[in-house]
1. Can you confirm whether the range 432-445 contains a residue that is open to solvent by 10 Å² or more (accessible area, probe 1.4 Å), out of contact with any Phe, Trp or Tyr (no Cβ under 6 Å at 6 or more places or on another chain) and aromatic (Phe, Trp, Tyr)?
2. In the range 237-282, which residues are in contact (Cβ under 8 Å) with a residue 60 or more places away in the chain and either among the small types (Gly, Ala, Ser) or surrounded by 14 or more Cβ atoms within 10 Å (Cβ to Cβ) (or both)?
3. Would you tally the residues in the range 190-201 being surrounded by fewer than 19 Cβ atoms within 10 Å (Cβ to Cβ), closer than 14 Å to residue 167 by Cα and either among the β-branched types (Val, Ile, Thr) or without any contact (Cβ under 8 Å) to a residue 40 or more places away in the chain (or both)?
4. Determine whether the range 463-482 contains at least one residue that is β-branched (Val, Ile, Thr), closer than 30 Å to residue 368 by Cβ and surrounded by 15 or more Cβ atoms within 10 Å (Cβ to Cβ).
5. Is at least one residue of the range 350-357 modelled with pLDDT under 75 and either closer than 25 Å to residue 320 by Cβ or small (Gly, Ala, Ser) (or both)?
6. Of the residues 64, 112, which single one is within 31 Å of the chain's Cα centre (by Cα) and surrounded by fewer than 23 Cβ atoms within 10 Å (Cβ to Cβ)?
7. Do you know which residues across the range 383-404 are open to solvent by less than 50 Å² (accessible area, probe 1.4 Å) and among the polar types (S, T, N, Q)?
8. How many residues are part of a helix (DSSP H, G or I) and among the aliphatic types (A, V, I, L, M) when one looks only at the range 383-404?
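The values are calculated or read from the model by the stated rules, or taken from the named source; none is laboratory data. No experiment lies behind these values; they were computed from the predicted model shown. Reconstructed Cβ throughout: ideal geometry from the backbone, glycine too, with neighbour counts over all protein chains shown. Note: areas computed on protein heavy atoms with side chains; ligands, DNA, RNA excluded. Shrake-Rupley method; radii C 1.70, N 1.55, O 1.52, S 1.80 Å.
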Amino acid sequence: MEKKRQNETQSNIVSFIPTGDYYYKKSIQAMNSGQMNKAYKYLQRAVDLSPDDPMIILQLAIVELEGQRFEEAYDLLRHAYQIDPDNPEIIFYMAEVSGCVGIMHDAKRFAEEYLRLEPEGAYADEAAEILEFVAFEQDDLEDPEESGEDLYRQEQARRCMEKGDFPEAITILEDLIEDRPAFWSAYNNLALAYFYVGEEEQAKALLHTVLRENKGNLHALCNLTVIAYYEKNEEDLQELLNILVKIQPYTWEHRYKLGATLALIGQYELAYKWLRSMQKRGYVGDAGFYFWLSHAAYFSGHEEVSKSAWDQLLELDPDKEGFEPWRQQENEFALDALEHDRDFIVEKLESTYTSERIFGLFLLKGTAHKQEIIAHPKLVNVEQLDTFEKLFLAYSLGHEFDKKNKVEASFLRAVNVPEILLEQYGKLSSLIVPMFQMWFVLCEQALIQNYRFTNPTAIAGANDYLFRSSQMLKVTKKEIAQQYGVSVSTLSKYIDEILTFLPNSHN
């Protein structure tokens, strides 16, 4: 009898183990009651338990699609389609998601296939709309010879690059090129991936291969132009620019690439011509498009277009607020100031001295070239930064520090010193650069010794006094104390304190 009860108990336990179908039904119930977050979690669990059920996978893909997580939806739908390639509903959603990720050839193919299978089906109108959209975008269709699988692999690589996983992107693209030796867009993306990991020569070699085999390839020309610009190779840059100005692209893809490249290298009027022509034709761009259109428009004299484009950019990427191109000519941006001299900042960032590098990282906060420098693959490599450099980079990027944390609070007081000095002098001129260099030498040593920087204003005055005294300039402690709003005794105290951080100060 006891054994019988044990068997019944075991049987009951087994019957209550949740299955993919169980969680799928739970997700439907959650959807019907408006609990979309719960429904999403139930569907994810359902797919985990039933990874080969195409309809469960389809439902999760639809939720991802509605949440505009297009890449995730695409991955799921491809899996569902591989399991059940004849299901009309899966075929329709393959058409929709292919359009969302930009694989227009597949969007057209799947929409046509759905209408062939179900000309009066539930999604017939939507499929027809997809075909109308593809027809409107006809000049941007990929090469029909490029399969959806090839484009999917390239999309995978692009996502890896966006996440900073360049080695994985390189692996994917190298495998793709091995399978498709004439897939030129993969070569271009591989060249960019090599450039981002610091393999400039390999990147240029790949791009020249493209130009030999596929003469006039615009993406290769533009990528070489960008590399020449970053390397400050004026001869190659001018030679490439002479070619670019003669190109008359027709497709939106090519106009976008050419316009963005010209804007990046400062050829704003030409950039505006191509980017504005797209907007006038009804092009709905991504954040990058509006960023470059706004810059090209502003610096070529079209301020209203620039501000309108920037408003559209902020709707897509609110984090860009504060980087408006017109800020470069407002009061906070004095363009003759060294904090807006790209070469000056790059020189600091590439220095072998930590004090110089943290000076450069500090200047990133307010420079007009912030976005360009941060985006460069070699100038700011977070993995190679030491602790102090990471703190200055975080400050320049707007990181919110914890003022209750003693270390972070001390750092904030330290970085306030050069801010006070900049406020006193208005801008960073060549005359006061040595004063800032002296401060960052002191600052580095003070940080190493866990100095607390308790009075940033007095410390700024002390630094100013020491600098002027070292330059044999006539200055008194009383004058500096009045300038910085501290007492002479307080100023003297901090002069003595920071003097201990000067190299060889014991001499």
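1. Among the residues of the range 432-445, not one is open to solvent by 10 Å² or more (accessible area, probe 1.4 Å), out of contact with any Phe, Trp or Tyr (no Cβ under 6 Å at 6 or more places or on another chain) and aromatic (Phe, Trp, Tyr), which makes the answer no.
2. If the condition is that a residue be in contact (Cβ under 8 Å) with a residue 60 or more places away in the chain and either among the small types (Gly, Ala, Ser) or surrounded by 14 or more Cβ atoms within 10 Å (Cβ to Cβ) (or both), then 251, 252, 253, 264 are the ones that fit.
3. Qualifying residue count for the region: 2.
4. Taking every residue of the range 463-482 in turn, none turns out to be β-branched (Val, Ile, Thr), closer than 30 Å to residue 368 by Cβ and surrounded by 15 or more Cβ atoms within 10 Å (Cβ to Cβ).
5. no
6. Numbers: 112 fails: within 31 Å of the chain's Cα centre (by Cα).
Of 64, 112, the one residue that is within 31 Å of the chain's Cα centre (by Cα) and surrounded by fewer than 23 Cβ atoms within 10 Å (Cβ to Cβ) is 64.
7. Listed by number, the list holds a single entry, 396.
8. Start the filter on the range 383-404 by keeping residues that are part of a helix (DSSP H, G or I), which leaves 383-384, 387-396.
If we keep only those that are among the aliphatic types (A, V, I, L, M) as well, we get 391, 393-394.
Summing the residues that are part of a helix (DSSP H, G or I) and among the aliphatic types (A, V, I, L, M) in the range 383-404 gives 3.
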